[in-house]
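**Q** After the structure tokens below, expect a handful of questions from me.
The values are calculated or read from the model by the stated rules, or taken from the named source; none is laboratory data. Keep in mind that what you see is a predicted model, and the values were worked out from it rather than measured. Positions of Cβ are generated from backbone atoms using ideal geometry, with glycine treated the same way; all protein chains shown enter the neighbour counts.
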Protein chains: 2
Amino acid sequence: MSEEFLSHCRHIVGEPFVLVAAADMAPFLDDWRGRYTGKALAVLRPADTEQVAQLVKACAHWRIPLVPQGGRTGLVLGSVPDESGTAVVLSLSRMNRVRSIDAVNRTMTVDAGCILQHVQDAAALHDCLYPLSLASEGSCTVGGNLSTNAGGTAVLRYGNARELCLGLEVVTPQGEVWNGLRGLRKDNTGYDLRDLFIGAEGTLGVITAAVLKLHPLPKASATALVALATPRDALDLLTLAQDRCGACLTAFELMSDVCLDLVATHFPDLPKPFSRPHGQYVLLELSSCESGEHASGMLEQAVAVALDRGVARDAVVAMSAAQSRGLWDLREHISMAQAKAGKNIKHDISLPISRIARFIAATDAKLRDAFPGVVLVTFGHLGDGNLHYNVAPPAGVAHDEFLRNQEAVNRIVHDQVDSFGGSISAEHGIGALKRDELNRYKSPVELGMMRAIKAALDPLGIMNPGKVL
Amino acid sequence: MSEEFLSHCRHIVGEPFVLVAAADMAPFLDDWRGRYTGKALAVLRPADTEQVAQLVKACAHWRIPLVPQGGRTGLVLGSVPDESGTAVVLSLSRMNRVRSIDAVNRTMTVDAGCILQHVQDAAALHDCLYPLSLASEGSCTVGGNLSTNAGGTAVLRYGNARELCLGLEVVTPQGEVWNGLRGLRKDNTGYDLRDLFIGAEGTLGVITAAVLKLHPLPKASATALVALATPRDALDLLTLAQDRCGACLTAFELMSDVCLDLVATHFPDLPKPFSRPHGQYVLLELSSCESGEHASGMLEQAVAVALDRGVARDAVVAMSAAQSRGLWDLREHISMAQAKAGKNIKHDISLPISRIARFIAATDAKLRDAFPGVVLVTFGHLGDGNLHYNVAPPAGVAHDEFLRNQEAVNRIVHDQVDSFGGSISAEHGIGALKRDELNRYKSPVELGMMRAIKAALDPLGIMNPGKVL
């Protein structure tokens with residue numbers, strides 16, 4: 001049976017694009033973090049939407065589950081198959097064409113397999129900005145960005161991947177092509193299918209193309225690192241910066257002394273902006289559509305007012321692009337410094353912004369109670385309410401030993417998130433990794449509606465089974 | 001049977017809130033435009049979400065269709081019952097409480113029956129802006145705004161109602177309460193049910209409350225009316241203004257000589273900004289989070305560059321709030337001037353912005369061909385690609401006589417919209433009025449998915465039947 005299916009697939013995409021040898025399939029089966037490897041019946045590599053449609057029709061006919069895959073940079077096992085070996089991987093990596101750019105409409109129509117960085121570059125050639133920006137932008141694809149509703153560092157100003165998409169092309173679980181590639185800012189003609197497929201992690205259909213929303217390219221930006229005593233002060237600084245700078249505020253990233261110490265230990269060549277510790281730090285970036293003077297003038301004034309009011313304790317304003325890069329390096333090396341320090345227990349959570357300071361205080365206390373000496377490496381996109389709340393072992397405790405507490409640590413952190421009205425997955429999604437957590441924290445009413453929609457659109461259950469639901 | 005049902009309803013909400021007398025029901029049955037009156041078994045007026053849930057359970061038990069209703073200001077017969085008299089109207093007007101405001105999180109949680117203007121006012125008391133702004137803001141409600149994904153004059157900067165909502169509370173067609181009142185900027189935990197209910201026009205459930213997204217209140221704004229030769233020039237001005245002013249650009253409204261002449265005829269006291277006709281006009285507004293000088297300086301520079309490059313032919317920059325009000329009055333009196341001039345055939349359409357000039361030229365020509373002497377009253381939110389494309393009779397032709405051509409005119413306009421990749425309903429929705437048009441222009445694949453979702457969530461078909469689908 002499966003030979004018949006594979007032979008039909010070869011007929012559709014051509015012999016070289018149906019991979020079945022273990023060595024050929026291996027690069028498509030590994031989890032990005034290297035902690036898991038799945039098995040597959042085959043890896044299928046279609047060249048265009050029509051081939052995707054025919055492949056999905058074949059999967060429906062033979063009842064073969066399929067796992068859509070983009071750049072495979074997800075962190076929750078959403079784009080790799082399980083260990084049964086019964087599913088096929090549908091890789092969209094060959095579909096990487098920018099179909100068109102419309103600079104007046106500020107839209108760009110691209111294949112789902114386009115790499116994010118190529119999209120950013122193509123937009124810039126037309127003096128436009130595609131603002132989505134992630135650590136994995138050199139490898140991740142538009143289809144994956146949309147299927148997981150990716151976040152990143154520009155959400156505060158421009159929104160998540162969801163807000164940056166105007167239309168989709170999707171192959172349904174029946175193998176039909178839905179052409180929803182509309183480049184419209186306003187369209188109230190029926191149910192919002194676009195947003196249903198965005199963030200569905202490939203469980204409702206295969207996104208094959210998208211119309212992306214572009215923005216004017218800012219003329220200049222200005223960066224500062226502001227030292228504060230507490231997360232509560234950081235919230236005051238956020239309100240102050242938003243009131244004064246409005247949409248010019250493009251980044252607001254929180255990090256603690258623990259984070260900067262880690263970076264200083266593992267990357268001693270990076271700048272050390274302050275001579276003594278202050279507690280917390282905010283990396284603040286403004287962008288201006290007018291000029292560099294406008295951006296830096298506004299930033300200096302905002303920082304001066306924050307110092308004057310006692311919200312900030314000290315501040316460093318970057319005087320050059322290189323200095324700005326240096327400040328961003330501190331922020332962006334936290335994860336790498338953590339990796340060098342050894343394994344820890346990570347949480348990608350979000351909270352109502354106003355509750356973040358209380359959440360950190362209360363959750364830190366609970367963890368210190370349960371695990372005396374535990375090290376809390378907390379940083380993140382404070383302007384979006386998104387924390388990377390990571391828990392490292394006490395000094396002297398082996399990392400692997402500490403990781404045995406993962407379940408207990410998750411329970412404390414996620415119970416706290418739940419009681420503060422937050423989300424257990426802010427930007428990474430659910431995949432296979434957080435499915436049990438989803439079942440624990442979502443209401444039965446919400447899970448019931450999700451299951452009803454899944455059954456209605458994918459009655460055979462062939463689309464990325466075992467993910468999300 | 002219906003007596004048993006009504007008696008149960010009285011038990012739930014109390015005798016005074018189950019209206020059955022014709023005179024009591026009348027104010028809930030008229031279409032806003034006064035062109036249609038429906039019939040109902042009763043009008044139900046619940047006090048809170050729990051009562052809504054019990055009423056919907058009763059409707060499901062007795063198989064009584066229900067029509068959720070907010071301020072009843074919709075223009076497509078979405079919130080009034082049909083003429084069968086078998087449905088109940090579920091009015092949310094008693095549920096008008098602002099539940100809470102969180103100025104640091106910039107969110108506000110409100111009952112669905114809150115009037116839009118009250119929400120705007122409550123936000124302003126906390127130095128925040130709820131940007132949604134519509135002609136009917138004194139009557140329309142949050143629930144209606146969200147169920148129809150309302151647009152208005154601030155979409156260019158702040159988005160539609162959809163982009164201004166972070167969470168919902170919904171009573172499902174089974175009478176269960178979904179508490180999705182999350183105030184989070186990032187949350188990737190499962191399917192996007194929020195956006196599915198937004199814009200569903202009450203056919204999938206009853207929105208009973210929402211978490212609305214607030215913005216910092218701008219410090220000042222500046223307004224200009226710019227005269228141009230053609231819609232093509234208006235597109236050039238849009239690109240220029242977006243590049244120079246970025247997110248400070250908060251309105252970009254197009255209108256033609258025909259529009260200003262109509263206003264001058266019927267409202268002779270309003271200002272006449274230009275001594276001679278130019279063809280087209282753009283009302284351009286900037287807002288600044290910094291100062292009035294910043295807003296007006298940026299505006300004056302943008303206008304100067306537009307004049308210098310020959311994009312603009314002339315311009316009036318408002319030097320006071322009163323002058324700004326006068327310019328907005330011109331824009332806002334077009335619909336009223338049209339009403340005084342007599343009936344016309346209206347279209348609420350959107351297009352890719354880059355195609356608008358070609359669309360107007362081609363569609364004007366087709367209509368003039370089919371109906372020599374026809375008068376085209378075209379204006380709208382150009383920055384959103386949204387045109388109010390209205391067709392009035394040739395001089396000397398009676399309005400009622402001309403309206404007999406409605407079907408033929410709609411066919412020309414909507415066929416053109418379809419061939420230019422536009423939408424036949426930009427902000428008003430589908431309701432009962434445009435259902436046939438939806439069936440004509442949506443693809444069978446898209447309609448099929450919509451019907452599958454409707455059947456999955458509302459298998460008894462009791463939620464606002466005959467609307468949208």
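**Q** List every residue pair whose Cβ atoms lie under 6 Å apart, where the two residues are 6 or more positions apart in sequence or sit on different chains, the first residue falls within the range A:144-159 and is farther than 16 Å from A:Ser91 by Cβ, and the second residue, located anywhere, is of a type in the set (Phe, Trp, Tyr).
**A** Close Cβ pairs (under 6 Å, with a partner that is of a type in the set (Phe, Trp, Tyr)) amount to A:Leu156/A:Phe252.
**Q** Please go through (1) closer than 23 Å to B:Arg33 by Cβ; (2) within 10 Å of chain A (Cβ to nearest Cβ) for B:Val445 and return the number of the only condition it doesn't satisfy.
**A** Every listed condition holds for B:Val445 apart from (1).
**Q** From A:Tyr158, A:Tyr191, which residue is more than 7 Å from every other protein chain (Cβ to nearest Cβ), touching a Leu at 6+ places or on another chain (Cβ under 9 Å) and of a type in the set (Ser, Thr, Tyr)?
**A** Answer to the check: A:Tyr158.
**Q** Here are some residues: A:Leu387, A:Leu457. Which one is surrounded by 14 or more Cβ atoms within 10 Å (Cβ to Cβ) and either farther than 11 Å from A:Ile349 by Cβ or among the small types (Gly, Ala, Ser) (or both)? Show your work before the answer.
**A** Details: A:Leu387 fails: either farther than 11 Å from A:Ile349 by Cβ or among the small types (Gly, Ala, Ser) (or both).
One residue alone meets the criteria, A:Leu457.
**Q** Hand me the list of strands (runs of 3 or more DSSP E) wholly inside the range B:269-374 holding 2 or more residues that are out of contact with any Gly (no Cβ under 6 Å at 6 or more places or on another chain) and in the same structural domain as B:Arg244 (by TED's automatic domain parsing). Even if it seems obvious, please write down each step before you answer.
**A** On the way: elements: B:280-288, B:314-317, B:348-350.
The qualifying strands (runs of 3 or more DSSP E) are B:280-288, B:314-317.
**Q** Against the conditions (1) under 16 Å from B:Arg309 (Cβ atoms); (2) of a type outside the set (Asp, Glu); (3) under 25 Å from the mean Cα position of the chain (by Cα), where does B:Leu240 fall short? Just the number, please.
**A** (3)
**Q** Within the range B:195-214, count every residue that is facing chain A (nearest Cβ under 8 Å) and surrounded by fewer than 24 Cβ atoms within 10 Å (Cβ to Cβ).
**A** 2
**Q** Output the residue which, of all residues in the range B:29-49 that are surrounded by 15 or more Cβ atoms within 10 Å (Cβ to Cβ) and of a type in the set (Ser, Thr, Tyr), is nearest to the chain's Cα centre (by Cα).
**A** That would be B:Tyr36.
**Q** I'd like to know if the range A:225-238 contains one or more residues that are more than 10 Å from chain B (Cβ to nearest Cβ) and of a type in the set (Ser, Thr, Tyr).
**A** Yes, some residue in the range A:225-238 is more than 10 Å from chain B (Cβ to nearest Cβ) and of a type in the set (Ser, Thr, Tyr).
**Q** Looking at A:Ile101, A:Ile115, which one is modelled with pLDDT of 95 or more, more than 14 Å from chain B (Cβ to nearest Cβ) and surrounded by fewer than 23 Cβ atoms within 10 Å (Cβ to Cβ)?
**A** A:Ile115
**Q** Tell me, please, whether a residue that is at pLDDT 95 or above, part of a helix (DSSP H, G or I), away from chain B (no Cβ under 14 Å) and buried (at least 22 other Cβ atoms within 10 Å of the Cβ) can be found in the range A:240-261.
**A** Within the range A:240-261, one or more residues are at pLDDT 95 or above, part of a helix (DSSP H, G or I), away from chain B (no Cβ under 14 Å) and buried (at least 22 other Cβ atoms within 10 Å of the Cβ).
**Q** Just give me the residues in the range B:366-384 being among the small types (Gly, Ala, Ser) and surrounded by fewer than 18 Cβ atoms within 10 Å (Cβ to Cβ), in sequence order.
**A** B:Ala370, B:Gly373
**Q** Here's another thing I want to ask about it. Please go through the range A:272-295 and pick out each residue that is out of contact with any His (no Cβ under 8 Å at 6 or more places or on another chain) and over 14 Å from A:Ala227 (Cβ atoms).
**A** A:Glu285, A:Leu286, A:Ser287, A:Cys289, A:Glu290, A:Ser291, A:Gly292, A:Glu293, A:His294, A:Ala295
**Q** Another one. Evaluate the following for B:Asp436: is it away from chain A (no Cβ under 14 Å) and assigned to a helix (DSSP H, G or I)?
**A** Considered against the rule, which asks whether it is away from chain A (no Cβ under 14 Å) and assigned to a helix (DSSP H, G or I), B:Asp436 comes out as no.
**Q** Determine, yes or no, whether A:Ile424 is within 28 Å of B:Leu204 (Cβ to Cβ), touching a residue at least 60 places away in the same chain (Cβ under 8 Å), buried (at least 22 other Cβ atoms within 10 Å of the Cβ) and in contact with a His (Cβ under 7 Å, 6 or more places away or on another chain).
**A** So A:Ile424 fits the description; yes.
**Q** From A:Leu166, A:Leu184, which residue is at the interface with another protein chain (Cβ under 7 Å from one of its Cβ atoms) and either touching an Asp or Glu at 6+ places or on another chain (Cβ under 9 Å) or not small (Gly, Ala, Ser) (or both)?
**A** Values: A:Leu166 fails: at the interface with another protein chain (Cβ under 7 Å from one of its Cβ atoms).
Selected residue: A:Leu184, the only one of A:Leu166, A:Leu184 that is at the interface with another protein chain (Cβ under 7 Å from one of its Cβ atoms) and either touching an Asp or Glu at 6+ places or on another chain (Cβ under 9 Å) or not small (Gly, Ala, Ser) (or both).
**Q** Oh, and also: I need every pair where a residue in the range A:176-191 that is part of a loop (DSSP other than H, G, I, E, B) has its Cβ under 9 Å from the Cβ of a residue that is surrounded by fewer than 19 Cβ atoms within 10 Å (Cβ to Cβ) and β-branched (Val, Ile, Thr), sequence separation at least 6 or different chains.
**A** Correct list of pairs: A:Glu176/B:Val445.
**Q** Name the residue, out of A:Glu169, A:Glu163, A:Glu176, that is among the charged types (D, E, K, R) and within 22 Å of B:Glu163 (Cβ to Cβ). Walk me through it before giving the result.
**A** Details: A:Glu169 fails: within 22 Å of B:Glu163 (Cβ to Cβ); A:Glu176 fails: within 22 Å of B:Glu163 (Cβ to Cβ).
Result: A:Glu163 is the single residue among A:Glu169, A:Glu163, A:Glu176 that is among the charged types (D, E, K, R) and within 22 Å of B:Glu163 (Cβ to Cβ).
**Q** Name the residue that is nearest to the other protein chains (Cβ to nearest Cβ), counting only residues in the range A:380-411 that are in contact with an Asp or Glu (Cβ under 9 Å, 6 or more places away or on another chain) and in a helix (DSSP H, G or I).
**A** Within the range A:380-411, the match that is nearest to the other protein chains (Cβ to nearest Cβ) is A:Asp384.
**Q** I want to confirm something. Restricting to the range A:322-350 and keeping residues that are within 14 Å of chain B (Cβ to nearest Cβ) and over 15 Å from A:Phe252 (Cα atoms), which single residue is surrounded by the most Cβ atoms within 10 Å (Cβ to Cβ)?
**A** Residue satisfying both the conditions and the ranking: A:Ile349.
**Q** Is there a residue in the range A:225-235 that is part of a strand (DSSP E or B) and out of contact with any helix residue (DSSP H, G or I) (no Cβ under 7 Å at 6 or more places or on another chain)?
**A** Within the range A:225-235, the first condition is being part of a strand (DSSP E or B), and the residues that meet it are A:225-228.
Checking the rest, the ones that are also out of contact with any helix residue (DSSP H, G or I) (no Cβ under 7 Å at 6 or more places or on another chain) come to A:227.
Yes: one or more hits.
**Q** Given the condition more than 29 Å from A:Glu437 (Cβ to Cβ), in contact (Cβ under 8 Å) with a residue 12 or more places away in the chain and of a type in the set (Asp, Glu), answer yes or no: does some residue in the range A:26-45 qualify?
**A** Among the residues of the range A:26-45, not one is more than 29 Å from A:Glu437 (Cβ to Cβ), in contact (Cβ under 8 Å) with a residue 12 or more places away in the chain and of a type in the set (Asp, Glu), which makes the answer no.
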